[in-house]
Amino acid sequence: MTPTNVMNSQTISTNGKVNGTPLPPRAGRFLRARRPAESRPGGGRQRGGRPGRRAPTAWQRARLFLAAALAVVVADLGTKALASASLQRYRPVEVAGEWVRLTLGYNGGVAFGLFATDGPGVVIATGLVVAALAVWAVWTLRDPATPRRAALALGLVLGGGVANLLDRIGDGRVTDFLDVGLGAHRWPTFNLADVAIVVGVALLMAWSYRQPPTEEAPAPLPSP
């Protein structure tokens, strides 16, 4: 009988004993090292996580998601109110020279002034997009393989969408005040909600790219 068959036929305890018989220290360490990773304390790999790290619960993911979304909504609406009260429309205030300025403007289209139009069409379209994002976020957060960083990214995206929707409901326009560029070459003005959406989408793309393939358990060895 080979040494492997002997180890398979005997009971190896966690304190370095075989069938209740103490082993020399070196032999005990050798046998414990051969134990499967799943049977070691803190061993094994959680799906989507590092070895020994427990996957977040659904409540932990939901709490991080809601906190991120609420923080974006409060920060965005607060800065928009402050900009409307302290800035004059289309009169830039330099923050970092011509690179970063505060320029108050109102956007009747979608993000960065695209597809500007009058009427309730943009408000309805924005509401439908936000509703679809909410459904997708709930479905994603219920998946046990969803990590915390994905919950954070989803909160940023949905929080930005909700903030812009709330700002648009009154008159169909969104308040923009962040202005970056150099001289006449400038990016369309935007707001903190737009920043949160872009950052959240980038994080989701990074998570999708780095997500490891599903690991399959190895087939058990045939009995001797």
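Listed by position, the helices (runs of 4 or more DSSP H) enclosed by the stretch 1-110 that each have at least 2 residues that are at pLDDT 85 or above are 58-86. Among the residues of the stretch 164-184, those that are assigned to a helix (DSSP H, G or I) and either surrounded by fewer than 18 Cβ atoms within 10 Å (Cβ to Cβ) or of a type in the set (Asp, Glu) (or both) comprise 166, 167, 169.
Please tell me if residue 194 is out of contact with any helix residue (DSSP H, G or I) (no Cβ under 6 Å at 6 or more places or on another chain) and not β-branched (Val, Ile, Thr). No. One residue alone among 135, 157 is touching a residue at least 12 places away in the same chain (Cβ under 8 Å) and either within 30 Å of residue 59 (Cβ to Cβ) or in a helix (DSSP H, G or I) (or both), and that residue is 157.
The values are calculated or read from the model by the stated rules, or taken from the named source; none is laboratory data. Nothing here was measured: the structure is a model prediction, and the numbers come from that model. Here the Cβ is made from the backbone with ideal geometry for all residues, glycine too, and neighbour counts use every protein chain on show.
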